[in-house]
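Where a number appears in this text, it was derived from the coordinates with a stated rule and is not lab data. Source: prediction; values computed, not measured. All Cβ positions, even for glycine, are placed from backbone atoms using ideal geometry, and neighbour counts span all protein chains on display.
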Ligand code: DQA
């Protein structure tokens with residue numbers, strides 16, 4: 001089965017965006033590394049980023065019909081606001097890991113709540129770009 005990696009709003013700016021919080025790695029770097037690691041394991045990995053909530057929802061819905069078996073998602077700010085994206089993930093009934101580059105619990109209070117964590121297989125927060133790699137490792141081992 002395929003693995004889908006979804007990146008939410010503003011993550012297209014990774015590398016340039018508040019690097020002291022989010023690091024210097026670009027989204028392209030992250031995606032390229034994940035695709036290569038999946039390829040080495042003979043698994044197809046798709047990546048998708050959007051700043052638009054409805055596009056993220058549409059892409060997650062597509063995962064119900066495109067052979068996806070596992071989702072890795074950083075919902076970014078939508079983590080703290082989007083019941084609609086949560087509902088889309090729940091609708092797929094696919095296992096997913098929630099990723100945050102930063103440790104959301106060490107930041108502003110409004111980042112301490114997630115609409116995703118209780119239905120995720122697991123959550124990785126604060127390990128930077130390595131979090132995506134670790135989630136992929138987990139996904140590959142689970143196949
Ligand atoms: C984030 C944390 C969110 O609170 C924030 O809105 C983001 C990125 C992270 O990866 O640390 O955009 O999900």
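Sum -39500 (n - 2.57) across every DSSP H segment of at least 4 residues in the chain, then divide by the residue count to get the 222 nm mean residue ellipticity, nearest 500. Can you show the working numbers first?
Working: 5 runs with 51 residues, N = 143.
Counting only the DSSP helices, I get -10500 deg cm²/dmol.
If you wrap the stretch 2-142's Cα atoms in a convex hull and average its projection over all directions, what's the area in nm²?
Details: hull surface 29.7 nm².
Across all orientations, the stretch 2-142 yields a mean hull projection of 7.4 nm².
Cut-off is 10 Å between beta-carbons; in what order do 97, 44 appear when sorted fewest neighbours first? Before the final figure, lay out the partial values.
Working: 97 23, 44 14.
In order of increasing Cβ crowding within 10 Å: 44, 97.
Let a ≥ b ≥ c be the square roots of the eigenvalues of the Cα gyration tensor of the stretch 19-64; is it rounded (a/c under 1.5), or, if not, prolate (a/b larger than b/c) or oblate? Could you put the intermediate results ahead of the total?
Details: a/c = 3.60, a/b = 1.06, b/c = 3.39.
The shape class here is oblate.
Is the stretch 78-123 best put as rounded, prolate or oblate by its Cα gyration tensor, with a ≥ b ≥ c the root eigenvalues, rounded for a/c under 1.5, and otherwise prolate when a/b is larger than b/c, oblate when not? Please report the intermediate quantities before stating the final value.
Details: a/c = 2.93, a/b = 1.65, b/c = 1.77.
Oblate.
Quick one: 30, 83, fewest Cβ neighbours within 10 Å first, how do they rank? Walk me through the intermediate numbers first.
Details: 30 26, 83 9.
Lowest count first: 83, 30.
Can you give the relative contact order of the chain as a percent, counting alpha carbon pairs under 8 Å and 6+ residues apart? Let's see the in-between values first.
Working: 242 pairs, mean separation 39.6, N = 143.
This gives 28 percent for the chain.
List 116, 70, 110 from most exposed to least, where exposure is judged by having the fewest other Cβ atoms within 10 Å.
By the 10 Å Cβ count, ascending, the order reads 110, 116, 70.
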